[in-house]
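The values are calculated or read from the model by the stated rules, or taken from the named source; none is laboratory data. Since the model is a prediction, treat every value here as computed from it, not as a measurement. Every residue, glycine as well, gets a Cβ built from its backbone with ideal geometry; the counts of neighbours run over all protein chains shown. Protein only, heavy atoms only, side chains kept; ligands, DNA and RNA dropped before computing areas. Shrake-Rupley method; radii C 1.70, N 1.55, O 1.52, S 1.80 Å.
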Amino acid sequence: MDFGGPLAVPDKPYWGQATSTIDWCEADVKVGTDIYVALALFGYSAVVTLVYVQIRKPVFHQVAYGLEVAIVLVRSMLHQIEVRKTNARAYSELVQMFWLGVGAFGVAFVLWNIDNIFCANLRTLRAVLPAPLGPLFQLHAYWHIGTALGCYVSIVYQQYLRLVKLGTVDRFCIRRLAIVVPYIDRCEKTE
């Protein structure tokens with residue numbers, strides 16, 4: 001009895017129509033250079049966390065976080081350059097997601113720094129403003145929203161890039177929630 005896996009016929013999966021864009025089968029996982037990148041980023045994050053807990057300097061944490069995001073961005077750009085040569089539609093979608101993620105992280109990072117530098121001034125401003133306007137100047141909250149959007153877009157970007165690398169991207173399209181937030185959806189076949 002065939003239960004699917006690496007030898008299954010992709011158009012006729014054993015358990016029915018596929019509902020995910022990610023292959024969760026452990027037998028299909030191949031260890032490559034990406035595992036080393038992931039381990040390096042994990043190790044970097046662990047060391048930064050341990051150092052930060054000891055020295056408690058927010059600027060160190062901010063710079064370390066910014067460097068980690070920059071490493072992920074450079075890796076994404078290198079993959080994106082490869083896609084440009086083979087699939088114009090996918091490249092266009094990747095570029096749009098890339099800049100949305102960069103913009104979200106960039107704006108969030110700037111707001112985070114403004115909040116840290118001008119914290120006392122922002123508290124004073126919030127104290128004199130009417131209560132409903134105070135939250136508008138909670139810039140640290142916007143940092144969380146911006147990095148959450150940036151992380152989400154990065155995940156969708158990586159999923160879409162994987163579909164390109166697997167050669168199955170033509171079955172999927174990028175749709176947008178509220179005109180901005182991308183997600184991957186199956187495309188209807190146009191034959």
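Taking every residue in the stretch 153-164 that is within 12 Å of VAL95 (Cα to Cα) and pairing it with any residue that is among the β-branched types (Val, Ile, Thr) and at pLDDT below 95, at least 6 positions away or on another chain, the pairs with Cβ-Cβ distances below 8 Å are SER154/VAL72; TYR160/VAL169; LEU161/VAL83. In the stretch 151-169 there is at least one residue matching the filter, namely being within 23 Å of VAL59 (Cβ to Cβ), part of a helix (DSSP H, G or I) and not polar (S, T, N, Q).
Of the numbered criteria (1) part of a helix (DSSP H, G or I); (2) at pLDDT 95 or above; (3) open to solvent by 30 Å² or more (accessible area, probe 1.4 Å), the one VAL110 fails is (2). Residues of the stretch 72-106 that are buried (at least 17 other Cβ atoms within 10 Å of the Cβ) and among the hydroxyl-bearing types (Ser, Thr, Tyr): SER76, TYR91. The single condition among (1) out of contact with any Leu (no Cβ under 8 Å at 6 or more places or on another chain); (2) crowded, with 17+ Cβ neighbours inside 10 Å; (3) not acidic (Asp, Glu) that TRP143 does not satisfy is (1). So which residues in the stretch 115-125 are open to solvent by 50 Å² or more (accessible area, probe 1.4 Å) and either more than 23 Å from GLY101 (Cβ to Cβ) or in contact with a His (Cβ under 7 Å, 6 or more places away or on another chain) (or both)? Of everything in the stretch 115-125, those that are open to solvent by 50 Å² or more (accessible area, probe 1.4 Å) and either more than 23 Å from GLY101 (Cβ to Cβ) or in contact with a His (Cβ under 7 Å, 6 or more places away or on another chain) (or both) turn out to be ILE117, PHE118, ALA120, ASN121, ARG123, THR124, LEU125. If you take the residues in the stretch 36-62 that are of a type in the set (A, V, I, L, M) and more than 19 Å from the chain's Cα centre (by Cα), which one is most open to solvent (accessible area, probe 1.4 Å)? The qualifying residue most open to solvent (accessible area, probe 1.4 Å) is LEU50.
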